[in-house]
Amino acid sequence: MLYVNPRASRTSYPAELQNVMSIARAGQSREWLMQWDGLHAARTPLRELPDLASSLGVQNVLVKDEALRSALGSFKALGAPIALVRLILRTFEGNGFTAPALFAGAHREALAGFTAISATDGNHGRALAAAAKSVGCRCVIVLHAHVSEEREQAIAAYGAQIVRIAGNYDASVTEAAALAQRNGWHVVSDTSYDGYEEIPRDVMQGYGTIAAEIVETLASEHSERADDASAVTHVFLQGGVGGLAAGVASYLWEQWGASRPTFVVVEPEQADCLYQSAMAGRPAQATGTVDSVMAGLACGETSPLAWRFLQPCVDAFMTVTDAQAVDAMRRLAQGSANDVPFVAGESGVAGLAGLMAASASPAWASAIGLNGASRVLLINTEGATAPSVYAELVGETADEVLSRQRAWLSR
């Protein structure tokens, strides 16, 4: 389904939002993240897929590949670590801690009694566990019933204590908050709720690194267009609770102001909390089962903080089916003569699934101004974070796709 947001505006980035999240704060987070050895030093690639663009009837498709951000395999490696470090700096203010020293593990003894806890669908918890291991504090991760054993093992490998509960993601968020209250632990969540916005803000600010790199790459490869944003006309962003979309869209909105691209947010049809929020004009809950193959987007409640940024700038909200996501995974894995193959996970392809659906519907394409002159930006937010699930859905392993990718790039 597609819903065109009547509340989206074409204005400069509002000052009241800039006071919460800004390019300047995202820049500081990026500088700190560069001190963490859990991330690769190089920018993730922004790749052009001309054959895909031609098949969809648009001028250009660019895909930012966050699967290559780190060994963690997803964009979440940018959010949880910076939120944890900022939390520790606030908690231990006056102790002389610095971000580089924390990431290097220089304050392990002082942090021996500090525990971070969070709910997760997989990737956020894995990133938090990895960051906690680096800084030397304890980590507890709450997993709901739909998180696979494979994802649990990937988190536990970083030394986190796992707590399993029945129910869905939203139930795990509630349980994490209750455990923190009882034990004096610190919640490091990527979704906000009443009285809890500071840490989700820090998480979203970390995601600004993706947008910063996009702007830099466009400036170097499309210098004649980078200043007025005409190198990109549409950005399709994953939904979930809204954190990634808010972190990226707010940055690009501040960068390009009223000439910003058309933003489209895509989420699973059975986890449509952002779609429902757009129709209601306020943060709302999903209407479906909140059980999707797109595990990282299987969220039932909108983050109120993220919604403050999304409501005024996202032009349309879309839902896609699990089958459409799997089709998008296979299309990126296949590649072509002119398109490099990608390893893209179930949640990582939501933007492409939305683009494919919109291009196949003349009414939807017209509603969002998608046509032969459109230059579309997508973000592959994850690789094969559950390798067996990836192989089952795509019909080949991630290693096989990566082998073809290496061969394609070495031509």
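Please give the net charge around A212, taking every other residue with its beta carbon less than 14 angstrom from that of A212, where Lys and Arg add +1 and Asp and Glu add -1. Mind dumping the intermediate values first?
On the way: positive: R25, R30, R43, K64, R69; negative: E31, E66, E213, E216, E254.
After counting each charged neighbour, the total is 0.
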Most packed first (mean Cβ within 10 Å per residue), the peptides 110-121, 189-200 order as 110-121, 189-200
Among the stretch 33-71, those whose backbone N falls under 12 Å of a label point 7 Å along Cα→Cβ from A407 are none
Largest fluctuation, Q181, Q205, Q255 only, Gaussian network model of the chain with Cα springs under 10 angstrom, belongs to Q181
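Can you work out the FRET efficiency for the pair S259 and R43, with r the C-beta to C-beta distance and R0 = 25 Å, to the nearest 0.05? Provide the component values of the computation, followed by the final result.
On the way: r = 24 Å, r/R0 = 0.96.
According to the calculation, E is roughly 0.55.
For a Förster distance of 30 Å, can you work out the FRET efficiency between the beta-carbons of R90 and I162, rounded to the nearest 0.05?
E between R90 and I162, to the nearest 0.05, is 0.65.
Could you give the size of the charge dipole of the stretch 76-187 about its Cα centre, using +1 on the Cβ of each K and R and -1 on the Cβ of each D and E, expressed in debye and rounded to the nearest 20? Write down the numbers at each step before the final one.
Working: 10 positive and 8 negative charges, 50 e Å.
Around 240 debye, computed over the stretch 76-187.
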Between (i) 0.91; (ii) 1.47; (iii) 0.97, the structure-derived Cα Rg over 2.2 N^0.38 Å is (i)
Expressed in nanometres to one decimal, the distance between label points 7 Å along Cα→Cβ at A71 and R7 is 4.3 nm
Rounded to one decimal in nm, the spacing of the 7 Å Cα→Cβ label points at S55 and A323 is 1.8 nm
Note, the stretch 151-160: 3J(HN,Hα) by Karplus (6.51, -1.76, 1.60, θ = phi - 60°), whole Hz, Gly/Pro = x, goes 5, 4, 5, 5, 6, 4, 4, 9, x, 6
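If we count every other residue with Cβ under 13 angstrom of N123's Cβ, Lys/Arg +1 and Asp/Glu -1, where does the sum land?
Numbers: positive: R69, K76, R126, R151; negative: E66, D121, E150, E152, D190, E346, E382.
My count for the surroundings of N123 gives -3.
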At q = 0.12, 0.14, 0.18, 0.23 Å⁻¹, the log10 of I(q)/I(0) for the stretch 65-173 from a Debye sum over equal Cα scatterers comes to -0.40, -0.54, -0.85, -1.22
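Under a Cβ-Cβ cut-off of 12 Å, what is the net charge of the residues other than Q276 that fall near it, where Lys and Arg count +1 and Asp and Glu count -1? Mind showing how you got there, number by number?
On the way: positive: R282; negative: E267, E269, D272, E301.
So the environment of Q276 carries a net charge of -3.
Output the peptides 72-85, 166-179 sorted from most to least packed, where packing is the average of other Cβ atoms within 10 Å over each peptide's residues.
Numbers: 72-85: 29.1, 166-179: 19.1.
Descending mean neighbour count gives 72-85, 166-179.
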Rounded to whole Å², per residue accessible area for the chain with a 1.4 Å probe reads 36 Å²
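Hey, with R₀ at 30 Å, roughly what FRET efficiency would Q181 and T287 work out to, going by the Cβ-Cβ distance, to 0.05?
Details: r = 30 Å, r/R0 = 0.99.
Given R0 = 30 Å and the Cβ-Cβ separation, E is 0.50.
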Only helices counted: for the chain, with every DSSP H run of 4 or more residues adding -39500 (n - 2.57) and the sum spread over all residues, [θ] at 222 nm is -13000 deg cm²/dmol
Highest mean packing first, using Cβ neighbours within 10 angstrom, the peptides 63-69, 31-37 sort as 63-69, 31-37
Here the stretch 110-120 yields Karplus 3J(HN,Hα) values (6.51, -1.76, 1.60; θ = phi - 60°; whole Hz; Gly and Pro given as x) of 5, 9, 4, x, 9, 10, 9, 9, 7, 8, 7
The chain: relative contact order from alpha carbon pairs under 8 Å, six or more residues apart, as a whole percent, is 22 percent
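The values are calculated or read from the model by the stated rules, or taken from the named source; none is laboratory data. Given the structure is predicted, the values throughout are model-derived calculations rather than measurements. Backbone-built Cβ (ideal geometry, glycine too); neighbour counts: all protein chains shown. With ligands, DNA and RNA removed, areas are computed over all heavy atoms of the protein, side chains included. Shrake-Rupley method; radii C 1.70, N 1.55, O 1.52, S 1.80 Å.
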